[in-house]
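For reference, the structure discussed in these notes is given below.
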Amino acid sequence: MPDLPTPQDAAEAALFSECWDAVLSYADLCTAGSTAATELATEAFSLGTREAREADAAVRGAGRRPARLPRIPLLLTAVRTIAADWETQGLGHRLDPDLRLWLNSDKATRYTGPPLQRPIALRGLRDLQAADAELLWLAEVEALPLPVVARRLGLDPATVGEELAQVRVLFRDRSHRNHLDMPMDTHCRSYARLLDAVTRSASGEAPADLSRHLARCQQCAEAAACLRLHGGGLPAALAGGVIGWGGLAYLERRRRAAEVRLGAGRPHALESGPPNPGAHKAKVARNGLLVAAVLVSLLALAVSMMPGDDMKNGAAGPGTTAEGQPVANPTSSVLTSSVPAVTSRAPGSAQTFGTPTG
């Protein structure tokens, strides 16, 4: 088992401390025991850290931002990568049996296959500015209180809520574009504009024909979950679309972990980490992008309300998910169809980076 990477400076040491508990929590879901969980987390932490450092070095050389996920989801996908390596190396008996089935199915290939066919949430989060993606993930998936998120990212606690709302809109805009860019059949394409219009409003209800389509089409159901910012389904859409297997179980664990920390009166444990000097530049860039996104959205909404030939035929023909199964709860933004149920073991206690326990 490789050793945990050595932090390069104090800032990276604080970042490691913040990320380790999340990585170990997901690794525990993926394995059949605590010893295997620690080893899987350690290997994944080393892989993810190496990838992040290489991406940062490339950015410094080329002057462009890294085309990668925020640090925590990057490390979580490294857990999935190492788990797949274990399976191919004959170490699959150390993994959760349901995960092994998933790794050997078409569901897993979506996360590593052609970019245009990958989950919309995964592509949308990667498309955001780095600081914006961090803000969205920490607030929505890690369930950290906004003052804690502001402290970590160097944002103003008084305006972090407003900035999060702006980032949600940008994520929706990216998700809408990515949905339109995906290979779609005629039926899916005919519902794209209606789906965009319905998900814009908190009170928007899907017509019966659209609901029937979403019940059968996983691709459009996932798009609906990312486009609907109301109703509290965005965290599940992100966790399921970015992590894949066990995403919803991980989401529940992180919520419970945040509640335990706050209930135990340990807010400072959540606040570790230096301010992010790139947050201000990301905010400036985001404001410009947000204006453009709003203009495009208004134009798209106007077009979507116009009668079109592609919507005259009413209900689409029956579609199926990639697995040949109907998508459950068509109007829900929780992607239960894309993340199998996981029998949760008792969540591991928070651990200090560098001293993992079995």
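Any residue that is in contact with a Pro (Cβ under 9 Å, 6 or more places away or on another chain), over 22 Å from residue 19 (Cβ atoms) and surrounded by fewer than 19 Cβ atoms within 10 Å (Cβ to Cβ) - is there at least one of those in region 86-96? No, region 86-96 contains no residue that is in contact with a Pro (Cβ under 9 Å, 6 or more places away or on another chain), over 22 Å from residue 19 (Cβ atoms) and surrounded by fewer than 19 Cβ atoms within 10 Å (Cβ to Cβ).
Cβ-Cβ contacts under 6 Å between residues 6 or more apart (or on different chains), taken from a first residue in region 119-136 that is open to solvent by 10 Å² or more (accessible area, probe 1.4 Å) to a second residue that is among the small types (Gly, Ala, Ser), are listed as 129/282; 129/285; 131/278; 131/279; 131/282.
Residues that are open to solvent by 40 Å² or more (accessible area, probe 1.4 Å) and under 20 Å from residue 201 (Cβ atoms) were ranked within region 145-171; the one that is nearest to the chain's Cα centre (by Cα) is 168. Under 24 Å from residue 132 (Cβ atoms) and either outside the structural domain of residue 137 (by the TED database) or surrounded by 13 or more Cβ atoms within 10 Å (Cβ to Cβ) (or both): which single residue out of 30, 19 fits that description? Unique residue meeting the criteria: 19.
Just a yes or no: is a residue in region 195-208 within 19 Å of residue 126 (Cα to Cα), free of Cβ contacts under 8 Å to residues at least 40 places away in the same chain and surrounded by fewer than 19 Cβ atoms within 10 Å (Cβ to Cβ)? Looking through region 195-208, none of the residues is within 19 Å of residue 126 (Cα to Cα), free of Cβ contacts under 8 Å to residues at least 40 places away in the same chain and surrounded by fewer than 19 Cβ atoms within 10 Å (Cβ to Cβ).
The values are calculated or read from the model by the stated rules, or taken from the named source; none is laboratory data. Just so you know, these numbers come straight off a predicted model, no measurement behind them. For neighbour counting, all protein chains shown are included, and Cβ atoms are generated from backbone atoms with ideal geometry for every residue, glycine included. Heads up: the accessible areas ignore ligands, DNA and RNA and are worked out on the full protein's heavy atoms, side chains in. Shrake-Rupley method; radii C 1.70, N 1.55, O 1.52, S 1.80 Å.
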